[in-house]
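Down below is the structure, laid out as structure tokens.
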Amino acid sequence: MRVAYDANVALAGVDVRVEAGSVVGVIGPNGSGKSTLLKTIAGVLRASRGEILLGGRPIREEAARIAFVPQREEVNWDFPVTARDVVLMGRYRSAGWFRWPGRDDRQLAEGALEAVGLGGLGHRHISQFSGGQQQRIFMARAMVQEPALVLLDEPFTGVDVQNRAIFQERIQAFARAGIAVLVATHDLDEVSSTTTHVLCLNRTMTAFGPTATTFTPETLKRTFGGQLAIFEERV
Amino acid sequence: MSWVTDPLEYEFMQRAMIEVAIIGALCGLVGCFVVLRGLAFIGDALAHAVFPGVVLSYITGQSIMVGAMAFGTLTALWVAVLGRSRRVSEDSAIGVVFAAFFALGVVILSREGGFNRDLGSLLFGNILGVSREDVLVTGVIAVVVAGILLALLKEFTLLAFDPTMARAAGYPVFALDVLLLLLVSATIVVSLQTVGNILILALVVTPPATARLLTDRLGRMMAASVAIAVASGVSGLYVSYHAGTAAGATIVLVATTAFLGALAFAPNHGLVSGYWQRRHGHHHAHHYHEEGEGIDPG
């Protein structure tokens, strides 16, 4: 797969097969193409070459089964919706055109909010939550979508220990349900504790494989180059 | 009561009242998405860009809606295509081209010798001159535009709040964007006769902005915006009748007064309630900050 903005190739040479139920950590330095990869899979950007399949079919035909958890900054938190409204957006596709989510959908949304520790707060406006809680609302939205693939863009940025634990638990729950999870992160601690596989990017794929065998100092050196010193003590 | 009933003895005032109520409801509704999508500048540009269409229909003796609708549709499509390309700085391009369109309209009008006589009514609208037929056309277009917006409300809401998810979930984002611009364009065009090219933006932006100050829920915001726009239109028309002022401009100032009132006194977002809450040590937005929540230095 290859993604280019005009003449600048932002990302190329990514060729991976992700099994259902695996959790893939997508790592790399800033500008390495982590967000590009996720946004291309999500259909926001278009690959100029190559193909992306989900369950053997072109991914755009399976769009309803992709859940995308954006970075917090990408959303207007002043928008006049409640937490429940946002979670229910995960049911819009299954409700179909011209129809609104029904009673079952609202129950599903309530359950998802409870699962992320926000039960009973669904009526609150989205600006009335902390940053970590806002991420959890998005996580709940991904849950009600009943997806085959979940894309998480830097979910661990700026969150505290409690939120981190809830994210990890939800990611494991996705994996147990046979859902493939792709997590773009620059938090290398998270990679070793949460993921089953690791995909290393630096404008091209530098490594891919099970975390246990691939997440090694050598791979990281190849991926991060001179920035390795910062990370070495963590590994 | 005669303050209210006297004007209605004139048939042209009855028509104007109905027209302004329809326009108010439509602008209040569609305007919510203009405000939420940050389309105010594009709306203003659209209102200016349709001016040559208005002038050409006027000169050829057509209803001004025909020419305005044609130019409005073309412009909306052009803006949508422009928004897709990353090559041009979008708002500069819009500014350059639409100012030129507006100038073109003025030049055509001056060449036809109607400059002094008609420029005022074309630029600022002539609500008192609407015909029965105009009201009928406005009503039909308003029903169609509002119907499409409400039928796709869920999709337009998702697209306004989280375009990335809308795209990921497989919605035809570009088509929906084009459709929304066409609805905005149609709304502006049918409202031109009421307040004219220059002031139309106020009718589209001010009532929703006022409503947003009053509520945090989209449904209530839309209802409040429609109510405020209709009330501003009708009461503005009364004020202009009794005070002998220009109708369109008076309507805009009444809407602005409502906005300033909401800005001062709105229960949650208002300046007075904000001051009160700071004085008394609590804030409406009761943030549920957990302990230790903060920016992770990693």
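Details
- Residue, farthest from B:Arg212 (Cα to Cα), within the range A:108-127, restricted to residues that are more than 12 Å from chain B (Cβ to nearest Cβ) and among the aliphatic types (A, V, I, L, M): A:Ala115
- For the range A:31-49, the candidate set comprises residues that are in a loop (DSSP other than H, G, I, E, B) and not aliphatic (A, V, I, L, M); within that set, the residue that is farthest from the chain's Cα centre (by Cα) is A:Ser48.
- Matching residues, the range B:116-157, being touching a Lys or Arg at 6+ places or on another chain (Cβ under 9 Å) and over 20 Å from B:Leu8 (Cα atoms): B:Lys154, B:Phe156
- Applying the set (1) touching a residue at least 12 places away in the same chain (Cβ under 8 Å); (2) within 14 Å of chain A (Cβ to nearest Cβ) to B:Pro163 leaves exactly one unmet item: (1).
- For the residues B:Leu180, B:Leu176, the requirement of being crowded, with 24+ Cβ neighbours inside 10 Å, of a type in the set (A, V, I, L, M, F, W, C), modelled with pLDDT of 90 or more and within 19 Å of B:Gly83 (Cβ to Cβ) singles out B:Leu180.
- Test: B:Asp6 is acidic (Asp, Glu), surrounded by fewer than 24 Cβ atoms within 10 Å (Cβ to Cβ), touching a Leu at 6+ places or on another chain (Cβ under 7 Å) and at negative phi: no
- Residue count, the range A:59-80 (criterion: loosely packed, with under 15 Cβ neighbours inside 10 Å, in a helix (DSSP H, G or I) and modelled with pLDDT of 90 or more): 0
- Odd one out for A:Glu233, checked against (1) at pLDDT 85 or above; (2) within 14 Å of another protein chain (Cβ to nearest Cβ): (1)
- A single member of B:Gly129, B:Gly72, B:Gly105, B:Gly125 is surrounded by 18 or more Cβ atoms within 10 Å (Cβ to Cβ), in contact (Cβ under 8 Å) with a residue 60 or more places away in the chain and over 28 Å from B:Leu176 (Cβ atoms), and it is B:Gly125.
- Selection count where residues are over 20 Å from A:Pro210 (Cβ atoms), within 14 Å of chain B (Cβ to nearest Cβ) and either among the hydrophobic types (A, V, I, L, M, F, W, C) or assigned to a loop (DSSP other than H, G, I, E, B) (or both), scope the range A:163-185: 3
- Look at the range B:202-224: where a residue is more than 9 Å from every other protein chain (Cβ to nearest Cβ) and a partner is assigned to a loop (DSSP other than H, G, I, E, B) and surrounded by fewer than 20 Cβ atoms within 10 Å (Cβ to Cβ), sitting 6+ places away or on another chain with Cβ atoms under 6 Å, you get B:Leu213/B:Ala266; B:Leu213/B:His269; B:Leu214/B:Ala266.
- Test: residue in the range B:144-160 that is small (Gly, Ala, Ser), within 15 Å of B:Ala49 (Cα to Cα) and in contact with a helix residue (DSSP H, G or I) (Cβ under 8 Å, 6 or more places away or on another chain): no
- Annotation: A:Gly158 fulfils all but one of (1) in a helix (DSSP H, G or I); (2) facing another protein chain (nearest Cβ under 7 Å); (3) surrounded by 15 or more Cβ atoms within 10 Å (Cβ to Cβ); the unmet one is (1).
- Per this entry, A:Arg222 is counted among residues that are touching a Cys at 6+ places or on another chain (Cβ under 9 Å) and modelled with pLDDT under 85.
- Given (1) in contact with a helix residue (DSSP H, G or I) (Cβ under 7 Å, 6 or more places away or on another chain); (2) more than 8 Å from every other protein chain (Cβ to nearest Cβ), number of the condition A:Gly132 does not satisfy: (2)
- Close pairs from the range A:178-192: first farther than 19 Å from A:Pro70 by Cα, partner among the hydrophobic types (A, V, I, L, M, F, W, C) and surrounded by fewer than 20 Cβ atoms within 10 Å (Cβ to Cβ), Cβ under 6 Å, at least 6 apart: A:Gly178/A:Ala20; A:Leu188/A:Phe231
- Test set (1) surrounded by 13 or more Cβ atoms within 10 Å (Cβ to Cβ); (2) modelled with pLDDT under 90 - A:Gly56 fails condition number: (1)
- So A:Asp105, is it buried (at least 18 other Cβ atoms within 10 Å of the Cβ), more than 15 Å from the chain's Cα centre (by Cα) and within 8 Å of chain B (Cβ to nearest Cβ): no
- Residue among B:Gly113, B:Gly95, B:Gly120 that is of a type in the set (Gly, Ala, Ser), over 18 Å from the mean Cα position of the chain (by Cα), over 24 Å from B:Met222 (Cα atoms) and not in a helix (DSSP H, G or I): B:Gly113
- Residue ID - nearest to the other protein chains (Cβ to nearest Cβ), chosen from residues in the range A:52-92 that are under 24 Å from A:Ser22 (Cβ atoms) and charged (D, E, K, R): A:Arg60
- Enumeration of residues in the range A:140-155 that are at the interface with chain B (Cβ under 9 Å from one of its Cβ atoms) and either within 16 Å of A:Arg91 (Cβ to Cβ) or without any contact (Cβ under 8 Å) to a residue 24 or more places away in the chain (or both): A:Arg141, A:Gln145
The values are calculated or read from the model by the stated rules, or taken from the named source; none is laboratory data. Just so it is clear, the structure is predicted and the values come from calculations on it, not from any experiment. Note that we place each Cβ from the backbone using ideal geometry, even for glycine, and neighbour counts take in every protein chain shown.
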